[in-house]
Amino acid sequence: MVRAFGAFLFLLAGISPTPAQKALDPHGATLQPADLFFQVISQQKKSEVALDEFSRIQRIESRKPGGDSSATDTRVFLLFPNGTGLSKLPLTPAGTAPESSVYRTELEKLEKYLSWIVQDGQPQREAFAKAERKRKERFELIDATHQAFTFTLDGKETRAGRTLLRYTMAPRKEYKPTSRLTTLFTKVRGTIWVDEQSSQLAKVEGEVTEDISLALFLARVNKGSHFMQERYEVASGVWEPTFEQYDFDGRRFLMSFSIHERTFYSDYKRVGPPRDSVQMVRTELSKLPAEGNP
């Protein structure tokens, strides 16, 4: 629940500059604030669609509860798009395929699903429709940031030789939430960085300003909880997350919880739609020893 909430906060990528602000397009011409907003929103949506054709390695480092703040638990996965979502295949801490039946089993499940989803039948159409509805909901949340937040230009920074525009992010006092999820917009503030040349979101960082109740008040995220995400160009014109960090404290039912995680994303590879990627999975399976053989 709380990880899902954190993922939701990263939808705060939309940018709505205040009327007095200006920005430059890649050719040096002055953009009107509304134009800049729509460019960033459009780029965010394109990036999400593009992610459906990229595999990547996810490395999660979780701080273990207890007195030793340096003790961490590390989990590594191959995230593979399957047409309607993601499949997570466990890897070794080094990011390589483990020599175990578990990996083969997960790869076989992925191959079976990809083979199924490329068929033209009613169940497949329903699966795609369900995934499309979820995407539409996420896009509507991104669009809602236009009304929910005021973004004020706060300066410029340089990262890897590129200029980033830095904006502070604050809830609009007059904003009226339209759903339980958009209510969260009123309790978050932070900063976003936009790549000046491409109008791509490069970084977002935020803090919870009031306790937030979740799951019909059965869980709560405490004021002061923090999140951030960094994004880089992983392919030509494609910007995706490379690092995320959650530092959340709160309560679930009657028990306190503390989530402190760092997540790294690397090795982005374009695998294409299921009709293309299923063959890649079959090739990978053919390289593995048969089950029961060394």
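Please list, ordered by first then second residue, the pairs with beta carbon atoms under 7 Å, 6 or more apart or interchain, first in region 145-162 and part of a strand (DSSP E or B), second surrounded by 14 or more Cβ atoms within 10 Å (Cβ to Cβ) and of a type in the set (F, W, Y).
Listed by first residue and then by second, the contacts come to F149/F185; F151/Y167; T152/Y167; L153/Y167; D154/Y167; E157/W193.
Any idea how many residues of region 99-144 are within 20 Å of S87 (Cβ to Cβ), assigned to a loop (DSSP other than H, G, I, E, B) and modelled with pLDDT of 95 or more?
Selection size over region 99-144: 2.
Scan region 207-233 residue by residue and report those that are assigned to a loop (DSSP other than H, G, I, E, B), touching a strand residue (DSSP E or B) at 6+ places or on another chain (Cβ under 8 Å) and among the small types (G, A, S).
Across region 207-233, the qualifying residues are G224, S225.
Could you tell me how many of the residues in region 192-206 are assigned to a strand (DSSP E or B) and either surrounded by fewer than 17 Cβ atoms within 10 Å (Cβ to Cβ) or β-branched (V, I, T) (or both)?
Residues meeting the conditions: 4.
For region 234-244, what are the residues that are of a type outside the set (A, V, I, L, M, F, W, C), crowded, with 17+ Cβ neighbours inside 10 Å and either modelled with pLDDT under 95 or not in a strand (DSSP E or B) (or both)?
Within region 234-244, E240, P241, E244 qualify.
In region 80-96, what count of residues is obtained for those that are surrounded by fewer than 18 Cβ atoms within 10 Å (Cβ to Cβ), within 16 Å of the chain's Cα centre (by Cα) and either of a type in the set (D, E) or part of a strand (DSSP E or B) (or both)?
Looking only at that region, the number is 2.
Report yes if some residue within region 245-266 is over 30 Å from D73 (Cβ atoms), in contact with a Leu (Cβ under 7 Å, 6 or more places away or on another chain) and not in a strand (DSSP E or B); otherwise report no.
no
Quick check, is R189 without any contact (Cβ under 8 Å) to a residue 60 or more places away in the chain, more than 20 Å from A144 (Cβ to Cβ) and part of a strand (DSSP E or B)?
no
When L114 is evaluated against the numbered criteria (1) more than 25 Å from E240 (Cα to Cα); (2) crowded, with 18+ Cβ neighbours inside 10 Å, which criterion, by number, is the only one it fails?
Failed condition: (1).
The values are calculated or read from the model by the stated rules, or taken from the named source; none is laboratory data. Quick caveat: nothing in here was measured; it's all calculated off a predicted structure. Quick reminder, even Gly has a Cβ in these numbers, built from the backbone with ideal geometry, and neighbours come from all protein chains shown.
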